[in-house]
Amino acid sequence: MGNKLYKRIYRNIKKYDKIVLARHVGADPDALGSTLGLKDIIKKTFPKKKVIVVGTPASRFNYLGVIDKMTDDMYDGLLIVLDTPDKGRVDGVDVDKFKKTIKLDHHPFVEAFCDIEVIDDSASSASQLVIDLAFDTKMKITDEAAIKLYTGLVADTDRFLFSYTTSKTFQLVSRLIREHNIDFGSLYTDLYTRPLKEVKFEGYIANNLCVTENGFAYAKLTEEILAKYDVDAATAGNMVNNFNYINGIYAWAVFSYDKNNQNIRGSIRSRGPIINEAAANFGGGGHKCASGVRLSNFDEVDELVKALDKVCLEYKQSNL
């Protein structure tokens, strides 16, 4: 699957002088690391090409690189969408306006919306797919790109803890480390250092975590609560991985009000129950054990909580 499609992608990158790199709304380190890292790779391989990365910036991860401004003249070029399974979640561009489109994604298939699609839900991250693409073609990875891609991969695997970390993941990472100068100390400092207010906010979530009868845990964070701790919905969502490995909890979520989009952002994780199907029924989706959703109000949150509690019950009945 990989080799032939990667070569087609390389030929198209070589062909087009204007290239736009896009990812999903609510960008995380993998979405940013894969797009910004691929930009560095393309510019190193083809210095004369105009390459931009689009989407709403995420101030928490500004150290990964600068987000560019989309202009109408770029629609004459090639669009590469990374880390995004469906067209509705692509941030910053109109996919249908481009001459040629490519998708690189590691989520379970949702819909086909690009001319060329590489979908590998066994891959740990979109960053892993970019590393694989570069190593499989004549593209040149810079030290700066290696740092961005490693950051995205580490973040999406939670430092290689998740089950979709495979032997191929370690093989690619090993080569990346061997061939490039990655400063792990500063990388992890950038990725995991946070202000004291976020630590206190995490304490609030822990103290107010609700747990259903069947082991689904969740926190509902209103606009007032976020304002009290001076944090945003993205910050709250990024904390969901901090509540793994709690006895009696099989799946968990953080639901926070997003003032900018005037909706509820939900980040859902699991240690066994398959959660992406329930998320998809509410307009979201993702991996079997890591999904996201956007809801209109907290009444919808309550309905999703019921659905996820049922998923946990079915998991307990089948596995415990």
Residue that is surrounded by the fewest Cβ atoms within 10 Å (Cβ to Cβ), among those in the range 220-240 that are within 23 Å of residue 306 (Cβ to Cβ) and more than 21 Å from the chain's Cα centre (by Cα): 222
Selected residue [exposed (fewer than 13 other Cβ atoms within 10 Å of the Cβ) and at pLDDT 95 or above] from 208, 214: 208
In the range 70-94, the residues that are under 23 Å from residue 283 (Cβ atoms), in a helix (DSSP H, G or I) and free of Cβ contacts under 8 Å to residues at least 60 places away in the same chain: 87, 88
Hits in the range 155-178 (condition: among the hydrophobic types (A, V, I, L, M, F, W, C) and not in a helix (DSSP H, G or I)): 160, 161, 162
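Conditions tested, residue by residue: (1) more than 13 Å from residue 219 (Cβ to Cβ); (2) out of contact with any helix residue (DSSP H, G or I) (no Cβ under 9 Å at 6 or more places or on another chain).
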site: 248; (1), (2): yes, yes
site: 257; (1), (2): no, no
site: 264; (1), (2): no, no
site: 267; (1), (2): no, no
site: 270; (1), (2): yes, no
site: 274; (1), (2): yes, no
site: 295; (1), (2): yes, no
site: 298; (1), (2): no, yes
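Sort through 112, 134, 126 and tell me the only one that's out of contact with any strand residue (DSSP E or B) (no Cβ under 7 Å at 6 or more places or on another chain), surrounded by 18 or more Cβ atoms within 10 Å (Cβ to Cβ) and among the small types (Gly, Ala, Ser).
Numbers: 112 fails: surrounded by 18 or more Cβ atoms within 10 Å (Cβ to Cβ); 126 fails: out of contact with any strand residue (DSSP E or B) (no Cβ under 7 Å at 6 or more places or on another chain).
Within the list 112, 134, 126, the selection yields 134.
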Residue, surrounded by the most Cβ atoms within 10 Å (Cβ to Cβ), within the range 260-283, restricted to residues that are within 16 Å of residue 299 (Cβ to Cβ) and touching a Gly at 6+ places or on another chain (Cβ under 7 Å): 266
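The values are calculated or read from the model by the stated rules, or taken from the named source; none is laboratory data. Keep in mind the model is a prediction, meaning the values are calculated, not measured. As a convention, Cβ positions derive from the backbone with ideal geometry for all residues, glycine included, and neighbour counts pool all protein chains shown.
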